[in-house]
Protein chains: 2
Amino acid sequence: MVQMRPIIVRYGEIGLKSEFVRRKFEKKLISNIEDAFLRARIECSVVREHGRIFVYVDDIDGACKVLNKVFGIVSFSPAFECSSDKETLKKFGVELLANSFSGGESFAVRVKRTGKHEYTSQEAGAFIGEAILNAYADKNIHVDLKEPKVVLSVEIREKRAYFYLETIEGPLGMPLGSQGKVMGILSTKEHSILAHWLIMKRGCSLDLIYLEKENLEKENDKKGDDETLDTGLGNGLEKRLDVAKERKKKAYENAEKLRRWNPNMKIYDIEVKLGGDENFTKEDYACASEFAFKKGALALVSGETFEELTEKDRFEDNVADMPILFPLIGFSDEEMEKRMKDADLL
Amino acid sequence: MVQMRPIIVRYGEIGLKSEFVRRKFEKKLISNIEDAFLRARIECSVVREHGRIFVYVDDIDGACKVLNKVFGIVSFSPAFECSSDKETLKKFGVELLANSFSGGESFAVRVKRTGKHEYTSQEAGAFIGEAILNAYADKNIHVDLKEPKVVLSVEIREKRAYFYLETIEGPLGMPLGSQGKVMGILSTKEHSILAHWLIMKRGCSLDLIYLEKENLEKENDKKGDDETLDTGLGNGLEKRLDVAKERKKKAYENAEKLRRWNPNMKIYDIEVKLGGDENFTKEDYACASEFAFKKGALALVSGETFEELTEKDRFEDNVADMPILFPLIGFSDEEMEKRMKDADLL
């Protein structure tokens with residue numbers, strides 16, 4: 001069996017002021033990490049310790065992909081674990097860098113330490129660095145604390161030490177579900193999912209509502225019963241049915257991109273009154289909010305931009321039974337595109 | 001008299017699709033640039049030509065500071081203007097780089113051209129580059145088209161040519177006032193002005209409402225007339241008066257930071273019912289929206305964050321007579337801080 005290796009996971013937002021909020025955040029984050037690994041069928045064991053989470057896995061590459069999509073993670077580092085006695089640290093440091101040097105590189109050892117040890121952090125950095133210098137003397141390497149090419153980081157905690165060479169940025173934000181529940185209105189417009197993503201990043205658990213603008217399937221069924229519908233109207237109906245199907249397909253494709261971030265997300269199809277276009281009307285919002293209220297949501301989230309909202313008179317008329325959040329209201333097209341790329345939503 | 005030099009101003013958003021919208025955008029942008037220079041007491045003359053604006057000024061440094069705060073500008077370059085005949089281009093290119101080389105630098109000449117000339121863009125780049133190479137042969141310089149240290153850009157338009165060495169990023173967005181009018185609610189919270197800034201960047205003209213939470217000045221005046229108020233209560237009132245003054249001072253300091261971007265912004269003080277804290281209540285919104293409606297605004301803008309809005313039950317209760325926009329709803333503390341720094345709002 002391959003030995004499981006730890007990944008050090010860092011988390012926390014400036015906003016986490018109270019101990020109570022922090023605890024809730026940590027609990028939710030751990031449960032989300034466990035869920036995500038379960039879904040990816042990667043075995044893991046999660047340990048919380050002093051403001052860090054250690055995820056033990058054997059499939060490191062797979063695990064990194066999973067952690068990359070868990071809101072609330074600031075950064076993470078696949079690590080190697082060993083005992084914290086001086087000789088082991090030296091030996092381990094040397095072994096880990098076996099493939100890091102080709103000739104002439106600069107390097108640095110950066111040590112953080114908690115617990116009682118026979119050495120200080122600075123001393124540990126010095127003796128590990130010296131061991132590396134000696135071991136790879138033939139590679140002509142040198143120490144550069146300011147701008148090293150290779151950085152070996154060491155976190156020493158009591159009797160254990162964790163070595164790592166890289167730190168990968170996480171998606172930041174708050175753990176999904178650490179805040180209230182909201183309902184997103186699913187749209188055919190590609191940028192709209194960024195709105196839902198932004199609110200999920202704030203910690204809200206999000207489900208989606210798809211507004212079936214016309215219940216054409218039903219009309220289509222009826223058609224068979226009634227011969228008078230056969231001419232002309234029948235063809236028009238079929239065309240509208242195609243458009244409606246295409247629209248729904250597009251909206252569901254958008255939802256799939258969101259599902260990368262929120263795999264348990266539900267999508268509810270609800271019928272609304274006939275209404276032709278892709279923009280939401282006051283009636284659409286009213287239907288959506290009634291449904292969202294029944295499902296216990298606190299607010300609706302809609303992905304309309306400033307320009308879309310100010311078109312014609314729709315700006316004046318968006319009153320529903322609950323607040324409608326428009327997270328894209330301050331974004332330009334360029335900013336949306338950049339954010340969507342960063343969030344893997346394209 | 002110092003000769004006026006042109007600054008090339010680039011503008012335009014992806015969103016500008018129709019000719020009509022583009023014209024409106026340009027007209028508003030030019031008028032905003034002229035206003036900004038007028039206020040800064042810098043003489044200028046503005047010319048629009050082929051999707052560029054040329055601002056002629058003698059105080060280049062002062063002008064750059066002004067252009068940096070005009071929404072809708074993508075970038076700008078202080079330039080030098082000359083005639084577009086071959087000999088002048090060569091002479092001008094050489095003269096402009098008199099202080100650019102100390103020894104061993106790489107450089108490139110980049111030419112854009114419109115109009116009829118005896119040379120192509122590529123040829124112009126070649127002969128200007130050659131003249132520079134010859135003129136500074138003692139400085140051991142060389143041409144590097146990929147990663148040059150010094151870039152000389154040349155825009156040739158008919159009989160004129162514009163040389164520049166740097167391109168400064170503008171604030172992007174849409175020209176202030178090219179979209180509808182909105183009312184921001186002024187708050188004591190520092191981050192709140194970012195919400196107003198984001199909406200101004202979308203092109204809205206914005207004025208501010210300050211909610212006087214308790215009309216204590218009046219109460220204070222009354223106190224003198226009524227001896228019974230003298231003991232205890234009098235002191236309490238003074239203390240509350242101090243708090244109210246402090247709050248107003250802080251809010252107005254926030255507004256001053258916005259004024260860097262929107263110098264004509266008005267601030268309206270309106271009285272609302274007694275209410276102790278810094279968060280806005282349903283009644284506050286109702287008062288503000290009534291006032292905003294009278295002033296012809298389309299929407300209110302409030303700088304509350306997701307966390308502030310979801311506190312207690314305020315989330316459920318933000319219905320006013322007009323839409324309330326919360327542009328910060330999808331932002332984290334870190335993102336707000338970064339954006340505020342970039343926008344010079346700290």
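Any residue in the stretch A:137-149 that is under 27 Å from A:Phe54 (Cβ atoms) and in contact with a Phe, Trp or Tyr (Cβ under 9 Å, 6 or more places away or on another chain)?
yes
Looking at the stretch B:196-226 only, could you name the residues that are at pLDDT below 90 and either in a loop (DSSP other than H, G, I, E, B) or within 14 Å of chain A (Cβ to nearest Cβ) (or both)?
B:Lys213, B:Glu214, B:Asn215, B:Asp226
Can you pull out every residue in the stretch A:108-167 that is of a type in the set (Asp, Glu) and surrounded by fewer than 15 Cβ atoms within 10 Å (Cβ to Cβ)?
Correct list: A:Glu118, A:Glu123, A:Glu130, A:Asp138, A:Asp144, A:Glu147, A:Glu158, A:Glu166.
For the stretch A:265-346, which fully contained helices (runs of 4 or more DSSP H) count at least 1 residues that are at pLDDT 90 or above?
Those helices (runs of 4 or more DSSP H) span A:282-294, A:333-342.
Testing B:Val143 on (1) within 14 Å of another protein chain (Cβ to nearest Cβ); (2) aliphatic (A, V, I, L, M); (3) in contact with a Leu (Cβ under 9 Å, 6 or more places away or on another chain), one condition comes back false. Which one is that?
So the condition that B:Val143 fails would be (1).
Could you please tell me which pairs satisfy a Cβ distance under 9 Å, a separation of 6+ or placement on different chains, a first residue in the stretch B:329-346 that is open to solvent by 60 Å² or more (accessible area, probe 1.4 Å), and a second residue that is among the acidic types (Asp, Glu) and part of a helix (DSSP H, G or I)?
B:Leu346/B:Glu337
Please go through the stretch B:16-62 and pick out each residue that is within 14 Å of chain A (Cβ to nearest Cβ) and in contact (Cβ under 8 Å) with a residue 40 or more places away in the chain.
Result: B:Lys24, B:Phe25.
Would you point out the residue of the stretch B:178-195, among those that are within 12 Å of another protein chain (Cβ to nearest Cβ) and of a type in the set (S, T, N, Q), that is nearest to B:Ile329 (Cα to Cα)?
B:Gln179
If I filter the stretch B:186-193 for residues that are out of contact with any helix residue (DSSP H, G or I) (no Cβ under 8 Å at 6 or more places or on another chain), open to solvent by less than 10 Å² (accessible area, probe 1.4 Å) and either in a loop (DSSP other than H, G, I, E, B) or modelled with pLDDT of 95 or more (or both), do I get at least one hit?
no
The values are calculated or read from the model by the stated rules, or taken from the named source; none is laboratory data. Fair warning: this is a prediction, and the values are worked out from it, not measured in the lab. Glycine gets a Cβ as well: all are built from the backbone with ideal geometry, and neighbour counts include every protein chain shown. Protein only, heavy atoms only, side chains kept; ligands, DNA and RNA dropped before computing areas. Shrake-Rupley method; radii C 1.70, N 1.55, O 1.52, S 1.80 Å.
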